[in-house]
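Engineer: After the structure tokens below, expect a handful of questions from me.
Just so it is clear, none of the values below were taken in a lab; they were calculated from the coordinates. In this text, all values refer to a predicted model and were calculated from it rather than measured experimentally. For neighbour counting, all protein chains shown are included, and Cβ atoms are generated from backbone atoms with ideal geometry for every residue, glycine included.
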Amino acid sequence: MKKKVLLLGIAIVFHFLPAQSLADAEKFLICGDDWYQSKPAISGDTVVWFDQRGNNDGSGKEIYGKKLMGQEFDVSPSTYEQYWPDISGNIVVWREYRDNNWDIFYKNLITNQEFKASSIVGEKDYPSVSNNIIIWDDRGSGGIRAFDIINDVEFSILNYNMGMGEPDIDDNIVVWQDWRNLGSGNLDIYGYNIQTDTEFSICTDISSQLDPAISGNIVVWEDSRNGGYDIYGKNISTGQEFPVCIASGNQSDPAISGDFVVWLDRRSGSSEVYGKNLVTGEEFPIATGPGGNIYPDISNNIVVWSEGAGDIYGADISDLICFSKPLSDVNNDCKVDLLDLAIFCSEWLTCGHVDTNVCW
């Protein structure tokens, strides 16, 4: 009898609940030039990206930038091909084909000074920067090299003949995808502490892990352990590994800033941008629909990505972020309302003990 009354009450509650769905963040245009723009990176309020507007015919390949509340600017006006920008504070890095070689260059946006970071001949790719340390994938050596801007010193991180690629850096920690176990048919994620000169494994699961990103003590990556690609993470201080998103379809291209992860998500069949608050467990859509979103990045509460024919968009996810989850928030929507009550009531008088006589 009690159960019937409760079920009737639950039905009434659900009847009067408004339909709820998570809406996309309100996006804003960063660059909508007629030519193609892609691979945005953001630090604070400055965004940089790869841009083909040069030469007025779409054949240019340069790095452009913009303050969110300011004007666009050409980071390094050049006739050479430039790709794969990254930014940390006032330092922008990129890959450039100059003097018949792919090298790594950087520019201080405050002093307007530009320098070459790499000195060894050979192809370089995937530059990343944090504070005053620049790293890159050194194709010639098969390892990862770095440049200390303050001390004007280039040095080797590690060098394995089997290959290391797509590195990322935050503070003194470098992470990368590693081919040393490729004989077993999979890629792994490893890390290195520059300060202590210590290498460590992050994930060596029998499946493939790739495209890592790091912020603080949290590393995230693409992971194929479930068949398709999902997003997993690990706290390298505690050693705890956890799934970030294991939804249907493939998830890829993770980026992280603090407690917030963003990624490309294909659960709907389209390429969309989703995010997650690692503290509350709240997941939310940022840019969905058939627009063809790629290359998401995040800094604090601002997410950027490339969309459609090659425009750069951004979104402030502050309104989607739950900074402090209420204790009684059962469904992780950052509020306690009738829906939480209905979920709670639906479980009322249920018992998980084998001997139900001990329940009441």
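Engineer: What number, in percent, do you get for the relative contact order of the chain if the mean sequence gap of Cα pairs under 8 Å and at least 6 apart is divided by its residue count? Write out the running numbers ahead of the final one.
Structural biologist: Working: 889 pairs, mean separation 46.4, N = 360.
Relative CO of the chain lands at 13 percent.
Engineer: Sticking with this structure for a sec: From the backbone phi of segment 82-92, what are the Karplus-calculated ³J(HN,Hα) couplings (6.51 cos²θ - 1.76 cosθ + 1.60, θ = phi - 60°) in whole Hz, Gly and Pro given as x?
Structural biologist: These are the phi-based 3J(HN,Hα) values: 10, 9, 6, x, 9, 8, 9, x, 9, 9, 10 Hz.
Engineer: For segment 27-323, how big is the tail of P(r) above 23 Å, as a whole percent of Cα pairs? Let's see the in-between values first.
Structural biologist: Numbers: 23832 of 43956 pairs.
Tail of the P(r) past 23 Å holds 54 percent of the pairs.
Engineer: Explain nothing, just the number: dipole magnitude of the chain about its Cα centre with +1 on each Lys and Arg Cβ and -1 on each Asp and Glu Cβ, in debye rounded to the nearest 20. Working shown, then result.
Structural biologist: On the way: 24 positive and 54 negative charges, 188 e Å.
Charge dipole, the chain, about its Cα centre: 900 debye, nearest 20.
Engineer: Considering the dipole of the chain built from charges on the beta carbon (Lys and Arg +1, Asp and Glu -1) around the Cα centre, which of Met164, Gln177, Cys351 is farthest to its positive end?
Structural biologist: Sorting the options by dipole projection puts first Cys351.
Engineer: GNM, the chain, Cα, under 10 Å: largest mean-square fluctuation among Gly216, Gly292, Gly70?
Structural biologist: Gly70
Engineer: What ³J(HN,Hα) values, in whole Hz, does the Karplus curve 6.51 cos²θ - 1.76 cosθ + 1.60 give for segment 112-129 when θ = phi - 60°, with x put for Gly and Pro?
Structural biologist: 6, 8, 10, 9, 9, 8, 9, 10, 7, 5, x, 6, 10, 8, 6, x, 9, 9
Engineer: If the convex hull of the alpha-carbon atoms of segment 177-336 is projected onto planes in all directions, what is the mean projected area in square nanometres?
Structural biologist: Averaged projected area of segment 177-336's Cα convex hull equals 10.8 nm².
Engineer: Amide H to amide H under 5 Å from Ile157: which residues, 5+ apart in sequence or cross-chain, H placed 1.01 Å off N in plane?
Structural biologist: Ile144, Arg145, Ala146
Engineer: Another question, then. What aspartates and glutamates could a cross-link reach from Lys107, if we take a straight Cα to Cα line under 18 Å and drop same-chain neighbours fewer than 8 places away?
Structural biologist: Asp45, Asp51, Glu62, Glu72, Asp74, Glu81, Asp86, Glu96, Asp125, Asp148, Asp152, Glu154
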